[in-house]
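Encoded as structure tokens, the structure appears first; notes follow it.
The values are calculated or read from the model by the stated rules, or taken from the named source; none is laboratory data. Computed from a predicted structure; not experimentally measured. Positions of Cβ are backbone-derived with ideal geometry, glycine not excepted, and every protein chain shown enters the neighbour counts. What goes into the accessible areas is simple: the full protein's heavy atoms, side chains included, and nothing from ligands, DNA or RNA. Shrake-Rupley method; radii C 1.70, N 1.55, O 1.52, S 1.80 Å.
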Amino acid sequence: QVQLVESGGGLVQAGGSLRLSCAASGIIFSRNYMGWYRQAPGKQRELVAGITSGGSTNYADSVKGRFTIARDNAKNTVYLQMNSLKPEDTAVYYCNIVGLGRIDWGQGTQVTVSS
């Protein structure tokens, strides 16, 4: 069964940290370019961080220097370490394949940053 399950979200004060996890099943995880996306209320879903099968990473300008994406191919899991959180980071966070081959979205995990 092809599935993505995100976890680790929560309510945190500005300046705090959270670590998100996404467990994938039903795909050849190690071969895929994986990413973390987020969708804030009233806004389109956006890609905030990506990690290639080889481990190269890239980030949206809005999170560069604060967020770190990592992957564990043995566990079919991708992580997002979020530091120095800001109220504007409040959104539902999702993981998925980047580009062609994207699969059905998971339920996401809510991140709420209070000021």
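Take the Cβ-Cβ distance between D61 and V2 as r, set R0 to 25 Å, and report the resulting FRET efficiency rounded to the nearest 0.05. Mind dumping the intermediate values first?
Numbers: r = 31 Å, r/R0 = 1.25.
For D61 and V2, the calculated efficiency is 0.20.
Mean-square fluctuation check for the chain, GNM, Cα pairs under 10 Å: which of D89, D61, D72 is largest?
It is D61.
Express as a percent, rounded to the nearest 5, the fraction of DSSP beta bridges in the chain (both residues included) that run antiparallel. Provide the component values of the computation, followed by the final result.
Working: 34 of 38 bridges.
For the chain, the DSSP antiparallel bridge percentage is about 90.
When only Cα pairs under 8 Å and 6 or more residues apart are kept, what is the percent relative contact order across the chain? Numbers along the way, then the final one.
Details: 275 pairs, mean separation 41.3, N = 115.
Worked out over the chain, it gives 36 percent.
What is the spin-label model distance, in nm, from N83 to R31 if the labels are put 7 Å beyond Cα along the C-beta direction?
The two pseudo-label positions are separated by 3.5 nm.
Quick one: accessible area per residue over segment 1-49, 1.4 Å probe, rounded to a whole number of Å²? Before the final figure, lay out each step's value.
On the way: 2710 Å² over 49 residues.
Roughly 55 Å² per residue, with all protein chains present.
Across all directions of projection, what mean area in square nanometres is found for the Cα convex hull of the chain? Write down the numbers at each step before the final one.
On the way: hull surface 26.5 nm².
Mean orientational projected area (the chain, Cα hull): 6.6 nm².
If the cut-off is a Cα-Cα distance under 18 Å, which lysines reach K64, setting aside same-chain residues fewer than 8 apart in sequence?
Within the straight-line limit of under 18 Å, K64 reaches these lysines: K86.
With point charges of +1 on the Cβ of Lys and Arg and -1 on the Cβ of Asp and Glu, referenced to the Cα centre of the chain, which listed residue (W36, L20, G55) lies farthest in the positive direction of the dipole?
G55
Expressed in nm to one decimal, what extension gain is obtained for the pair K75 and S114 from 0.36 nm per residue of sequence separation less their Cα-Cα distance? Kindly include the intermediate steps, with their values, before the conclusion.
Values: separation 39, 0.36 × 39 = 14.04 nm, distance 3.21 nm.
10.8 nm is the gain from fully extending K75 to S114.
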